[in-house]
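The values are calculated or read from the model by the stated rules, or taken from the named source; none is laboratory data. Computed from a prediction, not measured in an experiment: that's the story for all the values here. Reconstructed Cβ throughout: ideal geometry from the backbone, glycine too, with neighbour counts over all protein chains shown. These accessible areas exclude ligands, DNA and RNA; they are computed on the full protein's heavy atoms, side chains included. Shrake-Rupley method; radii C 1.70, N 1.55, O 1.52, S 1.80 Å.
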Amino acid sequence: MSVTSPVSQTTEPLPGAADPTAGFRRWVTSVALPASIAAQLVCNVLYSIATAGSTYADDGGAGTLALAGQQTGLWLAANWFAILGSLLIIPGAVAALRVLRPARPRLALIAVTVWTAGYVCYLGINAASFYSVGLAQAGATGDDVLAAWATGDALRLPLNVLFLIGNMLGTILLGITALLTKGLPTFAGIAILVWFVFHIVGLVVGSEWFEVAGGALEVAGLSVIASRALNLPLAQWRARG
């Protein structure tokens, strides 16, 4: 009596089977990694130009509404670039993990996760910023409007805190992981870490241009990691998944 084995329902590819999307996935995620911060860099440049050309300050209240109304085009463009950068970090994180995880698996996973989560929260923060343009164009003024604005800021405080953690701690951990990854140029980790230093200096002196300079260095550091990801043989790329 013969026994017929059940037909396998698995969708897993057979060992050695062709993976036609591997090269495409490697290319897309590698390009997205530095492009994500490059988009944030463009956002910072536009924001710097907007604030430099305005008589109002981004104070989180009446000044922000006035600034958004006076520099509407730059304000909207800056927000869209920030959102684009936050979206690109999601696929870009895959390339970073492919390069960093073999040397420091736990640290790489924590660093990339915290970094990505922070910028996902930044996506929400910037999406909410469009209301400033709407209120400004509607001519909204008065204590009631500012009180509602302050309440909204308070309600999104968790997003701000998570973004701060991801932006600061995530970037630091990412730079440290890059420094500890053998075979990766030291410049990559240092360039990523220098962004944090420039960011703090910019906050102290009140100039966004320090963050622009630091962002350019971070893009350079991430480009080194992306280049390493692009040069991984496809077999290694798949194995590190």
request  = Would you mind working out the accessible area per residue for the chain, using a 1.4 Å probe, and quoting it in Å²?
outcome  = 52 Å²
message = How large is the direction-averaged shadow of the alpha-carbon convex hull of the chain, in nm²?
response = 18.0 nm²
key: Å³ per residue enclosed by the Cα convex hull of the stretch 191-241   = 66 Å³
Length gained when the stretch Leu164-Ala239 is fully extended (0.36 nm per residue, less Cα-Cα span) = 23.7 nm
inquiry  = Which residue, Thr72, Thr113, Ala39, has the largest displacement toward the positive end of the dipole of the chain when charges sit on each Cβ (Lys, Arg +1; Asp, Glu -1)?
reply    = Thr113
task = Round to the nearest 0.05 the FRET efficiency obtained for Phe130 and Val197 when R0 = 30 Å and r is the Cβ-Cβ distance.
result = 0.45
query = If r is the Cβ-Cβ distance from Asp19 to Ala220 and R0 is 25 Å, what FRET efficiency results, to the nearest 0.05?
reply = 0.20
key: Cα-derived Rg over Rh, computed across the stretch 147-228 with Rh taken as Kirkwood radius   = 1.11
Proportion of all alpha-carbon pairs of the stretch 22-109 beyond 14 Å (%) = 69 percent
query = Using r as the Cβ-Cβ distance of Ala62 and Arg106, and R0 as 51 Å, what FRET efficiency do you calculate, to the nearest 0.05?
reply = 0.65
query = Expressed in nm to one decimal, what extension gain is obtained for the pair Thr55 and Trp27 from 0.36 nm per residue of sequence separation less their Cα-Cα distance?
reply = 5.7 nm
query = Helix hunt in the chain: which complete DSSP H runs extend at least 27 Å axially by C-alpha with mean Kyte-Doolittle at least -1.0?
reply = 22-52, 72-100, 105-128, 186-205, 209-230
ask   = Which is farthest toward the positive dipole end of the chain among Leu217, Pro102, Thr141, measuring Cα position about the Cα centre, with Cβ charges +1 (Lys, Arg) and -1 (Asp, Glu)?
value = Pro102
